Amino acid sequence: MSLLKKYKYHFLIIFTGLICLQTLNVLLQLGKQTIIYPDCSNYLESAQKMYLKFTGHYYRPMVMAFITGLPYFFGSSDSGIFKWSFFVNVFCWLGSAIILFEILKDFVTKRVAFSIAIISFFVLGNIILNFHLLTESIFVFIIMLAFYLLFQYYKTHQFWYLSVSLSLILSSMLIKPGAKFFGIIMLLFFIKEVIRNYKSKSIIFVYGSLLMILIQVVGMRAQYGDFTISYIDGVTYHNYICSKAECFKNGKEYNQINNPRADYLFSLTFHDQKKVAFQDLQNQIKTNFPNLIKAYFSNVVENTKSGNACIEDLKNHDKASDFNFWKEVILSITKWQNRIFTLIGILLSFFFLLKTYKNPEAITFISFFILYIITLSGISSGQGDRFHLVTFPFMLILLGKFLSKKKLFKPFFEPLQK
């Protein structure tokens, strides 16, 4: 009973999360869907390459492959990988909410922290992504844990918190390659502190993550010809933003599926894909810059106003009479959640950056992270709310912090002094 009393909010968070998960599962028959998206197939292939062929994947880095393919170590089939992925996603999704609660309770009451943590379960797009072999739930969990440790570092000034935090952020680029610039910026910001503690035992966490990155890029060089974490970046900006800019230039409608530029790129070796994509980007900047900018902002707007792309592909396997009704309702909800939460996230991020940039703190880096992800989303499109979903739990941290400082809400939000 003492354990239950001590961690009652944690148990309530888990219980509430599972209810939300099962409710949406029943309404949309998520557990009965059989569609496998190209990205999911890519992640499966990366796991197969690591565990069955002992090689690296050209698009998906090693940490995601390691997590995804772990059941192969115990003789699992491919179908077992998808089942494992669901449990990993749900664990990370629930874990992110618990860490969110732990962060929030430092500047709001436990009840308020619990309430805000529960709001994260009503971001319906994140629930749906739990049923797919994708990176989002894992990535959010890793970054949320990293920021929790960064809060602890600023509170205690103990270097080991910073070391583990930086290690997780750096390692996250081996889950989601788009995080590499965020990781580099974070390391450079704290580089003086890292150098000052280079003999500390806890520096091993930073060294370990840098070693993994080195293994990844050297492995890519040995297998495919380039020192890179992944070839996905060139493919992404070539096939999305650059192709769309070219369509604008020629007065054509951009179509992600029937894209001859993409077909041509995929016919090349991975080394040549990277080379051709970069040359194309340089050429677009020199000769088609206005349309490139137009394509970029077109993608940002699309990624902001779209609902969850998976919903449209759902099939009514149980022949439920209200299935189409719930599909339409939940798709509409995900659209408005994306629009409202993205806007709130942008406004709060700018507010805290302007307020704290002279004396940075953990909240400063959360604000920067949100803007980084939203800015980065402009290089791609056609993914619904998938890009911005990862920012919403972090937006809730900013929202809690913002409301706790307002006189109107302070009596309800401010935690009791110890």
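The values are calculated or read from the model by the stated rules, or taken from the named source; none is laboratory data. Please read all numbers here as calculations on a predicted model, not as lab measurements. Heads up, the Cβs are rebuilt from the backbone with ideal geometry, glycines too, and the neighbour counts pull from every protein chain shown. All accessible areas refer to the heavy atoms of the entire protein, side chains included, with ligands and DNA or RNA removed. Shrake-Rupley method; radii C 1.70, N 1.55, O 1.52, S 1.80 Å.
Give the separation of the Cα centroids, region 289-305 to region 49-97, in Å.
33 Å
Sorting check: for 192-202, 228-238, 335-345, 261-271, which peptide has the highest mean count of neighbouring beta carbons within 10 Å, and how do the rest follow? All intermediate terms of the calculation are to be shown ahead of the outcome.
Working: 192-202: 12.1, 228-238: 21.5, 335-345: 18.5, 261-271: 14.1.
Ranking the peptides 192-202, 228-238, 335-345, 261-271 by packing returns 228-238, 335-345, 261-271, 192-202.
Take every Cα-Cα pair in region 1-81 and report what % of them are more than 20 Å apart. Could you put the intermediate results ahead of the total?
Values: 1803 of 3240 pairs.
For region 1-81, the share of Cα pairs beyond 20 Å comes to 56 percent.
Starting from the coordinates of the alpha-carbon atoms of the chain, obtain the Kirkwood hydrodynamic radius over all distinct pairs and give the value in Å to one decimal.
Details: mean 1/r = 0.0439 Å⁻¹.
About 22.8 Å, per the Kirkwood formula over Cα pairs.
Tally Lys/Arg at +1 and Asp/Glu at -1 over every other residue whose Cβ is under 14 Å from the Cβ of LYS274; what's the total? Could the numbers behind the result be given before it?
Working: positive: ARG221, LYS275; negative: ASP226, ASP233, ASP272, ASP280.
Residues close to LYS274 contribute a combined charge of -2.
Normalised by the number of residues in the chain, what is the relative contact order in percent for Cα pairs under 8 Å and 6+ residues apart?
On the way: 559 pairs, mean separation 79.8, N = 418.
Relative contact order of the chain: 19 percent.
Using mean Cβ contacts within 10 Å as the protection proxy, how do 389-395, 278-284, 356-362 order, highest first? Mind showing how you got there, number by number?
On the way: 389-395: 25.3, 278-284: 15.1, 356-362: 13.0.
Highest-to-lowest ranking by the protection proxy: 389-395, 278-284, 356-362.
Considering only Cα-Cα distances, which of the following residue pairs are longer than 27 Å: LYS252/LYS274; LYS105/LYS358; LYS32/LYS53; LYS5/LYS105; LYS249/LYS274; LYS6/LYS192? Numbers along the way, then the final one.
On the way: LYS252/LYS274 25 Å; LYS105/LYS358 25 Å; LYS32/LYS53 31 Å; LYS5/LYS105 17 Å; LYS249/LYS274 23 Å; LYS6/LYS192 39 Å.
As for pairs spanning more than 27 Å Cα to Cα, those are LYS32/LYS53; LYS6/LYS192.
In vacuo Debye scattering of region 311-354, one point per C-alpha: log10 I(q)/I(0) at q = 0.20, 0.24 Å⁻¹?
Log-scaled intensity ratios, in q order: -0.67, -0.80.
Which order do the peptides 398-404, 380-386 come out in when sorted by mean C-beta neighbours inside 10 angstrom, highest first? Working shown, then result.
Numbers: 398-404: 19.7, 380-386: 23.1.
Highest-to-lowest ranking by the protection proxy: 380-386, 398-404.
Under Stokes-Einstein, with the Kirkwood radius over Cα pairs standing in for Rh, what whole-number D in µm²/s applies to region 273-418 at 20 °C and 1.002 mPa s?
Reported coefficient: 119 µm²/s.
With 15 Å as the cut-off, how large is the P(r) tail for region 66-109, expressed as percent of Cα-Cα pairs? The partial results should precede the final answer.
Details: 512 of 946 pairs.
Tail of the P(r) past 15 Å holds 54 percent of the pairs.
Over all directions, the average projected area of the alpha-carbon convex hull for region 41-118 comes to how many nm²? Spell out each step's value before the answer.
Values: hull surface 25.6 nm².
Here the figure is 6.4 nm², rounded to one decimal.
So what is the diffusion coefficient of region 149-192 in µm² per second by Stokes-Einstein at 20 °C and 1.002 mPa s, using a Kirkwood Rh over Cα pairs?
202 µm²/s
For region 208-251, what is the convex hull (Cα atoms) projected area averaged across all directions, in square nanometres?
Numbers: hull surface 14.8 nm².
So the Cα hull casts an average projection of 3.7 nm².
What percentage of the solvent-accessible surface of the chain, computed with a 1.4 Å probe over protein heavy atoms, is contributed by carbon and sulfur atoms?
Numbers: 13690 of 20700 Å².
The C+S portion of the solvent-accessible surface of the chain is 66 percent.
If you average over every viewing direction, what projected area does the convex hull of the Cα atoms of region 31-185 give, in nm²?
On the way: hull surface 42.0 nm².
If you wrap the Cα atoms of region 31-185 in a convex hull and average its projections, you get 10.5 nm².
If I histogram all Cα-Cα distances within region 126-283 using bins 5 Å wide from 0, what percent of pairs lands in each bin?
Going out from 0 Å in 5 Å bins, region 126-283 shows 2, 8, 14, 15, 14, 14, 12, 9, 6, 4, 2, 0 percent.
Positive end of the dipole of region 186-269, charges at C-beta (+1 Lys, Arg; -1 Asp, Glu), about the Cα centre: which of PHE248, THR269, ILE229 has its Cα farthest in that direction?
ILE229
Kirkwood hydrodynamic radius for region 192-317: how many Å is it when counted over pairs of different Cα atoms? Can you show the working numbers first?
Numbers: mean 1/r = 0.0563 Å⁻¹.
Evaluated on region 192-317, it is 17.8 Å.
Less than 15 Å Cβ to Cβ from GLU136, Lys/Arg counted +1 and Asp/Glu -1: what total charge do the surrounding residues give? Kindly include the intermediate steps, with their values, before the conclusion.
Values: positive: ARG60, LYS176, ARG386; negative: ASP39, ASP385.
Value of the local net charge: +1.
Per residue, what volume in Å³ does the Cα convex hull of region 254-301 take up?
Details: hull volume 4.1 nm³, N = 48.
Spread over its residues, the Cα hull of region 254-301 gives 86 Å³ apiece.
With the other protein chains left in place, how much accessible area per residue, in square angstrom, belongs to the chain at a 1.4 angstrom probe? Intermediate values should be presented prior to the final figure.
On the way: 20700 Å² over 418 residues.
I get 50 Å² per residue for this part.
In percent, what relative contact order does region 267-418 have, based on Cα pairs under 8 Å that are 6 or more apart in sequence? Numbers along the way, then the final one.
Working: 132 pairs, mean separation 43.8, N = 152.
Over region 267-418, the number comes to 29 percent.
Between GLU361 and SER202, what FRET efficiency comes out of the Förster formula 1/(1 + (r/R0)^6) with R0 = 25 Å and r the beta carbon distance, rounded to 0.05? Kindly include the intermediate steps, with their values, before the conclusion.
Numbers: r = 21 Å, r/R0 = 0.83.
The calculated FRET efficiency here is 0.75.
Evaluate E = 1/(1 + (r/R0)^6) for VAL276 and VAL218, where r is the Cβ-Cβ distance and R0 equals 22 Å; express this FRET efficiency to the nearest 0.05. It would help to have the intermediate numbers written out before the result.
Values: r = 24 Å, r/R0 = 1.07.
Computed FRET efficiency for VAL276 and VAL218: 0.40.
May I ask for the net charge around ILE241, where only other residues with Cβ less than 12 Å from the Cβ of ILE241 are counted and Lys, Arg are +1 while Asp, Glu are -1? Don't skip to the answer; put the middle values down first.
On the way: positive: LYS244, ARG261, LYS294; negative: ASP233, GLU246, ASP280, GLU302.
With Lys, Arg at +1 and Asp, Glu at -1, the net is -1.
For region 89-134, report the translational diffusion coefficient in µm²/s to the nearest whole number, using Stokes-Einstein at 20 °C, 1.002 mPa s, and a Kirkwood Rh over Cα pairs.
On the way: Rh = 11.0 Å.
Here the translational diffusion coefficient equals 194 µm²/s.
Taking the Kirkwood radius as the inverse of the mean 1/r across Cα pairs, report the Rg/Rh of region 79-167. The partial results should precede the final answer.
Values: Rg = 14.5 Å, Rh = 14.0 Å.
Looking at region 79-167, the ratio lands at 1.04.
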